[in-house]
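Coordinate-derived values only; no laboratory data. Because the structure is a prediction, the values reported are computed rather than measured. Positions of Cβ are backbone-derived with ideal geometry, glycine not excepted, and every protein chain shown enters the neighbour counts.
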Amino acid sequence: MEMLEIMNRRHSVRQYTDVAIEQEKRETLNALIEEINAESGLHIQIFYDEPKCFDSMLAHYGKFVGVKNYIALVGKKSSDLDEQLGYYGEKLVLKAQELGLNTCWVAMSHGKSKADIQKNEKQVCLISVGYGVSQGVQHKNKALGDVCNYTADMPQWFLNGVNAALLAPTAMNQQKFFFELLSDGSVKVTCGRGFYTKLDLGIVKYHFEIGSKRKM
């Protein structure tokens, strides 16, 4: 399956069935997390068959039901930690979708995770994983001109990247990001202000790179 098709199919899911994630799929996710941590220096962890984290008042308030598997996004404290975790977390989200699983980025609507968080580390958020009761609902997108310095003669690779970014999950679906194609052919992206916008920045960067087939 093409990555853009996976992006199109992936929607946030908060209610999950009792179907366990198969061992083969667990091994695939485990291997990708190990690869990401080795490459980035992050301390991302995944937990299976662990329902206690989402058996809390906050989780119920957030309408999470049946969550038994989750990814803890953890790394050393730094100014770009949220962006890094957004970038690599979305890589995991799309891999899970490719495997036929559903996911949701979870900021505060959960209890205490089982993550091993060292003294100089921080857990930014979680990602729920499993077989959804449904496939979720597609979010509304802003117009292209609202999220980039659009002109009629824009190169197709840039438009492809921005369109892929519009498929990315963002906090409260606010899509506060803005891509700017500069005169030297480089791309600048900002993500406004607000809660978890740095996390969003990493997520939309990953989508842009997939869509444009260019590293930022």
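Across segment 181-188, computed HN-Hα scalar couplings (Karplus, 6.51 cos²θ - 1.76 cosθ + 1.60, θ = phi - 60°) run 7, 8, 5, 8, x, 7, 10, 10 Hz from first to last residue, x flagging Gly and Pro. The stretch between Gln156 and Gln118, if pulled fully straight at 0.36 nm per residue, gains 9.3 nm over its current Cα-Cα span. Against the main long axis of the alpha-carbon atoms of the chain, helix 197-212 sits at an angle near 60°. Cα gyration tensor of segment 1-48, axes a ≥ b ≥ c as square roots of the eigenvalues: rounded (a/c below 1.5), prolate (a/b > b/c) or oblate? Verdict is oblate for segment 1-48.
Work out how much length Val19 to Ala107 would gain on full extension: take 0.36 nm times their residue separation and subtract the Cα-Cα distance, in nm to one decimal. Please report the intermediate quantities before stating the final value.
Details: separation 88, 0.36 × 88 = 31.68 nm, distance 2.42 nm.
Difference between extended and current length: 29.3 nm.
About the Cα centre of the chain, what is the dipole size in debye to 20, counting +1 per Lys and Arg Cβ and -1 per Asp and Glu Cβ, all else neutral? If you can, show how the numbers build up before the last one.
Details: 26 positive and 25 negative charges, 127 e Å.
Computed charge dipole of the chain: roughly 620 debye.
Put simply, the amide H of Gly75, placed in the peptide plane, has neighbours under 5 Å in His43, Lys122, Val124, leaving out anything fewer than 5 places away on its chain.
Let me know the shape class of the chain, please: from the alpha-carbon gyration tensor, a ≥ b ≥ c as square roots of the eigenvalues, rounded when a/c is under 1.5, otherwise prolate if a/b is greater than b/c, or oblate.
Values: a/c = 1.76, a/b = 1.56, b/c = 1.13.
In terms of gyration-tensor shape, prolate.
Judged by the ratio a/c of the largest to the smallest principal axis of the C-alpha gyration tensor, segment 95-154 counts as oblate, that ratio being 1.5 or greater while a/b is no larger than b/c. Between Glu98 and Met3, the modelled labels are 0.8 nm apart [label points 7 Å from Cα along Cα→Cβ].
With a cut-off of 19 Å on the backbone N, the residues of segment 155-171 near the modelled label site 7 Å out from Ser183 along Cα-Cβ are 155.
Between the residues Asn120, Gly145, Gly132, the greatest Cα displacement towards the positive end of the dipole of segment 92-149, with unit charges on the Cβ of Lys, Arg, Asp and Glu, is found for Asn120. Relative to the longest principal axis of the Cα atoms of the chain, the long axis of helix 23-40 lies at roughly 60 degrees.
Quote the charge dipole size of segment 117-184 about the Cα centre in Debye, to the nearest 20; the model charges only the Cβ of Lys and Arg (+1) and of Asp and Glu (-1). Mind dumping the intermediate values first?
On the way: 5 positive and 5 negative charges, 82 e Å.
Its charge dipole is roughly 400 debye.
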